[in-house]
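S.K.: Dumping the structure here so I can ask a few things about it.
Every number in this text was worked out from the coordinates using simple rules, so none of it is lab data. Remember, it's a predicted structure, so these values are computed and weren't measured experimentally. Note that each Cβ is placed from the backbone with ideal geometry, even for glycine, and that neighbours are counted across all protein chains shown.
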């Protein structure tokens, strides 16, 4: 790893390599964060939507993802300790659980189940999520470190252009939202603003680290992200196969962690190259996420997973032969890697600005205006049902989902499940209620299957 | 319904419909009652009258919008701020954990009680920015997102915002079918500068002689500005202010407080009345967007640049605008000091993430400064205030009459209803 970890090693049996290598790389990443202060190394706090890791690597900054730290407390079943501490300090039960868990990590001097999180020497955030801004204001009050709030103006039109060069089908209601995204002049104005801020951020990083910006180093980091992105998109694309080789909600989330933490590194690029190999091998062997494929229903997941019961949440679907072949999480939390965009190495800064703007827009469009992209996924991935999982903690992800469901059900012959819980707070997670709703959803899918089969045989 | 003398100076004489149904000689009590009725009406008759006269309406969601742009285009800028209505249509478009103002604002539009020709929302929070998509899917009129800079310190922020204003202005021009000149904009800025001056005067009355004007009365005089033309609002305030100053009320033994937490969803008027029973609210952030620009905007240069610069450099504060130069807790302390308040009511709308987050920082800062504060939550639809009144009365008595030994313990009274 760029931060002191070992290289990914090739295994003779590729099956399961993505999970085991991912776990090891993650542990090494946290170990490097833990020991960074002893070595006098500095850390930058960033967020998954618009992390700017590529730029920060040019200044030898470790990158800390507080969102990942927070979700890890839930996956490791200790989130309540952190949430309770934050609520004891005055935070409301109704605000983002990630923010509260991170606040408690800071109050506990970085104590975390994966290691010790160093304090920030600098923090960089975008306006992709308004809560990022409130979150960073907490650090502003706690630390002297500079906090750089990056404006990345979002789309003014809700048509997510998932892949460059594709024709854009603009529904009437979408055109009523105005032309910021489709208007080249507006886009260029936004891009210029972002590039100006990049140059301002470079000055901040130079001041914090004492390291001058090296454009050639930046170019190399961008090249590695390009490579990682190509493999990441190939991994997502391979899940169009039936049976799908991996579960986009469960395994996809693990892969996402590596994609964020190891952007712009040799190890990250190699990891995803190996992952492509593993997925191709699974397809060749007819394997799915559970080994011998039992895939019966192909699903899309919309939202953030239920981390307090992450494995069990997956099982509630898997027990019925449900596989998440696609997940909006792998769109909006991949830092733009899912876009068919590569940095132009001849113009690193200009291209980084464009990539940041497009990546953040892709993320926010995936959250606010997911309909077109969802419909495209339903068609491309041959989907039977869409599972919406709005969470109490995250209004960025959750606010528009009920409205999106109405559109999807009007446009495609799929079933949709809408279940609310949380990504952090187990007080809001009722496994029994979730199971009832999920079981009813699959019974509906099965009834529809029987009905369609009956209609087909009658017409024969 | 038009008053030829009520024209916007500096451009072709455009008659501005009179939207208030107040007789020219109406007294202060009648004026206040009329404003209260308008502010509490979920179906604002002023907007309907404007449309009936052939006017176009720009609805903008909280918190701030440069209404001068709409005014210069000849549109009526209307503040979309929800309403305490029963929701029959809107709730199915949202999940469970969303604040009330988003739902009720959509409800007003879906049920035809608020009709606009252009709707603008802002990413003030993660819920509000989703409103554009939901609005556009379900209503025929165009909806737009306006991204205000959150990197206020960037050397490019003003230029970016100026571009945003120009983009929106072009959309308004298409709607009204005419071009807006710089002189039109300057004339509108002058009208709004006058309005800003009058609102500063209104708040000076609250600060210096709070016994002459209760918080709910002042609120109605302020809020009605979001429902009528600014010239008419100016005329209203010009008549009301001298009458308020001549009131015969005498000072009472009430505590001077700052009310914080009304920047987006609005507390019910009855809640403000409940506060007024025990406190003089000497300053607040209620509908702060109407008072966002704290000084006159320059009229001698590029008007869009002047408005953008004022947004960044001559503005108030709220939990939804980030500006490292204006830490919000320091701004609150300044507001308390400037208004010589003895305590603060730190409130937040239920499910309002920015407001609830800010309560923590406000509380810590107030404790460090030894300023007593009352922490509470509200919802626009709440109807029972008796418990709040008891708690507030207890808080006030404790602060006013507690011995110094008790002060530490009685510094804070938290009234957060846990779900």
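S.K.: In nm, to one decimal, how far is the modelled label at residue B:111 from the one at residue A:211, with both set 7 Å along Cα→Cβ?
M.R.: Using points 7 Å along Cα→Cβ, the separation is 5.9 nm.
S.K.: Taking the convex hull of the alpha carbon atoms in segment B:15-133, what volume per residue do you get, in Å³?
M.R.: Spread over its residues, the Cα hull of segment B:15-133 gives 122 Å³ apiece.
S.K.: As a test, work out the antiparallel percent of DSSP beta bridges whose residues both lie in the protein assembly as shown, rounded to the nearest 5.
M.R.: Expressed as a percentage, antiparallel bridges in the protein assembly as shown total about 10.
S.K.: Working out 0.36 nm times the residue gap between residue B:367 and residue B:51, then minus their Cα-Cα distance, what length gain in nm do you get to one decimal?
M.R.: So the chain would gain 108.8 nm between residue B:367 and residue B:51.
S.K.: A further question on this structure: Would you calculate the separation in nanometres between label points at residue B:252 and residue B:389, each defined as 7 Å from the Cα along the Cα-to-beta-carbon direction?
M.R.: Between residue B:252 and residue B:389, the simple spin-label model gives 1.2 nm.
S.K.: Take the Cβ-Cβ distance between residue B:33 and residue B:400 as r, set R0 to 22 Å, and report the resulting FRET efficiency rounded to the nearest 0.05.
M.R.: After rounding, the FRET efficiency stands at 0.10.
S.K.: Using a Förster distance of 56 Å, how high is the FRET efficiency between residue A:346 and residue A:459, based on the Cβ-Cβ distance and rounded to 0.05?
M.R.: With R0 = 56 Å, the Cβ-Cβ based efficiency is 0.45.
S.K.: Report, please, the projected area of segment B:206-299 averaged over directions, based on the convex hull of its C-alpha atoms, in nm².
M.R.: 6.8 nm²
S.K.: Also, I was wondering about something else. Does a label point 7 Å from the Cα of residue A:430, set along Cα-to-beta-carbon, have any residues of segment B:87-107 with amide nitrogen under 20 Å, and which are they?
M.R.: Residues B:92, B:94-98 qualify, since their backbone N sits under 20 Å from the label point.
S.K.: Calculate, for residue B:324 and residue A:296, the FRET efficiency according to 1/(1 + (r/R0)^6) with r their C-beta to C-beta distance and R0 60 Å; round to the nearest 0.05.
M.R.: That pair, residue B:324 with residue A:296, gives E of 0.65.
S.K.: Give me the Debye-computed log₁₀ of I(q)/I(0) at q = 0.15, 0.16, 0.17, 0.19 Å⁻¹ for segment B:236-386, equal point scatterers on Cα only, no solvent, two decimals.
M.R.: Cα-only, vacuum Debye calculation for segment B:236-386: -0.90, -1.00, -1.10, -1.26.
S.K.: If neighbour count is taken as other Cβ atoms inside 10 Å, put A:323, B:299, A:73, B:181 in order from fewest to most.
M.R.: Lowest count first: B:181, B:299, A:73, A:323.
S.K.: Using every Cα-Cα pair within chain B, state what percent have a distance larger than 40 Å.
M.R.: 13 percent
S.K.: Moving on to the next point. Throw me the Rg/Rh for chain A, computed over C-alpha atoms with Kirkwood Rh, two decimals.
M.R.: Ratio of gyration radius to Kirkwood radius for chain A: 0.96.
S.K.: Take the Cα atoms of segment A:34-89, find their three principal axes, and give me the spread along each one in whole Å, biggest first.
M.R.: In descending order, the Cα extents are 38, 29, 22 Å.
S.K.: Grab the DSSP H runs of chain B that are 4 residues or longer, score each as -39,500 (n - 2.57), total them, divide by all residues and round the 222 nm result to the nearest 500 deg cm²/dmol.
M.R.: My calculation for chain B gives -14500 deg cm²/dmol from helical runs alone.
S.K.: How much of the pair distance distribution for segment B:180-229 lies past 18 Å, counting alpha-carbon pairs only, in percent?
M.R.: Result for the distance tail: 42 percent.
S.K.: If you restrict to DSSP beta bridges whose two residues both lie in chain A, what percentage is antiparallel, to the nearest 5?
M.R.: For chain A, the DSSP antiparallel bridge percentage is about 15.
S.K.: In degrees from 0 to 90, rounded to the nearest 10, what is the angle of the helix B:182-208 Cα long axis to the longest principal axis of chain B?
M.R.: Approximately 20 degrees, to the nearest 10.
S.K.: A follow-up question, please. Need the C-alpha centroid separation for segment A:221-250 versus segment A:413-460, integer Å.
M.R.: 27 Å
S.K.: Between segment A:391-412 and segment B:197-225, how many Å separate their Cα centres?
M.R.: The distance from the Cα centre of segment A:391-412 to that of segment B:197-225 comes to 41 Å.
S.K.: Return, for the Cα atoms of segment A:209-255, the radius of gyration and Dmax in Å, separated by a comma.
M.R.: Reported Rg and Dmax, both Å: 16.3, 52.
S.K.: Separate question: What angle, in degrees between 0 and 90 and rounded to the nearest 10, separates the Cα long axis of helix A:130-142 from the longest principal axis of the Cα atoms of chain A?
M.R.: So the helix axis and the longest Cα principal axis differ by about 30 degrees.
S.K.: Further question: Any idea what angle helix A:17-35 forms with the longest principal axis of chain A, computed on alpha-carbon atoms, 0 to 90 degrees, nearest 10?
M.R.: For A:17-35 against chain A, the angle is about 30 degrees.
S.K.: Find the percent of Cα-Cα distances in segment A:58-97 that exceed 11 Å, and round it to a whole number.
M.R.: Within segment A:58-97, distances greater than 11 Å cover 69 percent of Cα pairs.
S.K.: Using Cα-Cα distances under 8 Å and only pairs 6 or more residues apart, what relative contact order does chain B have, in percent?
M.R.: Relative contact order for chain B comes out at 17 percent.
S.K.: Just to be sure I understand the curve: with the Debye formula and one point per C-alpha of the protein assembly as shown, what is log10 I(q)/I(0) at q = 0.07 Å⁻¹?
M.R.: So the normalised log intensities are -0.56.
S.K.: Could you tell me the center-to-center distance, by alpha carbons, between segment B:18-77 and segment B:302-380 in angstrom?
M.R.: 27 Å
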